[in-house]
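Coordinate-derived values only; no laboratory data. Not measured: the values here are computed from a predicted model. So basically every Cβ, Gly included, is an ideal-geometry build from the backbone, and we count neighbours across all protein chains shown.
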Amino acid sequence: MNRRVIAAVSDMLFASKIRGTAEHLNVTVDFARTEEGLFDYAKTEVPSLIILDLHETRFDPVALAARLKSDERLRAVPVVAFFSHVEAELRRKALEAGVEHVLPRSVFTQRLAEILSVGP
C-alpha cells in the first residue's frame, strides 16, 4: 500500500523538497492550503503522516496540531513539525499541543526521505 501524507506547508522551497522526495519514494502527498482543507483530505482517507510547518502564516499550526490530536480519527496519526531552530518557544508550544516530532528545519530536510518512507 502506498503511504499517504498530508502536508500543511506553503513555503515553496520546502513544498518542492517534500514533493520531489515523495515522488522518488512513491509516497502520495496532499498539500493542504487551509486548516479545513487538511481535515477534508484526512476525511477521505486517514493519512500515514501529517507534516506541519510551524511558521505557516495562513493559519495557526499549533492550534491545528491541538485540533488534530483532539480528533478521534486522527489523534493516532503521527505529526512531524519543523521550525527555525532559534524559535525555542514555538517548539515548546507544538510539543504541548501534542506534536510528537518537532524538528529544526535542517534536521527535517536531512531526514526527509526517512520521514516520508517509514515515519519519524
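Ranked highest first by the average count of other Cβ atoms within 10 Å around their residues, in what order do 39-46, 91-98 fall? Please list the in-between numbers first.
Values: 39-46: 14.2, 91-98: 17.2.
In decreasing order of mean packing, 39-46, 91-98 become 91-98, 39-46.
Expressed in nm to one decimal, what extension gain is obtained for the pair R67 and T44 from 0.36 nm per residue of sequence separation less their Cα-Cα distance?
Details: separation 23, 0.36 × 23 = 8.28 nm, distance 1.76 nm.
Computed gain between R67 and T44 is 6.5 nm.
The share of C-alpha pairs in the stretch 1-110 whose separation exceeds 24 Å stands at 16 percent. Taking all Cα pairs closer than 8 Å and separated by 6 or more residues, the relative contact order of the stretch 27-114 comes to 26 percent.
Here is how the number arises for the chain: DSSP H runs of 4 or more residues each give -39500 (n - 2.57), the sum is divided by the residue count, and the result at 222 nm is -13500 deg cm²/dmol. Go ahead and set up a Gaussian network model of the chain, Cα springs under 10 Å, then flag whichever of R105, R19, R58 fluctuates most. Of R105, R19, R58, the most mobile in the Gaussian network model is R58. Gain on full extension, evaluated as 0.36 nm per residue between S16 and Q110 minus their Cα-Cα distance, stands at 32.4 nm.
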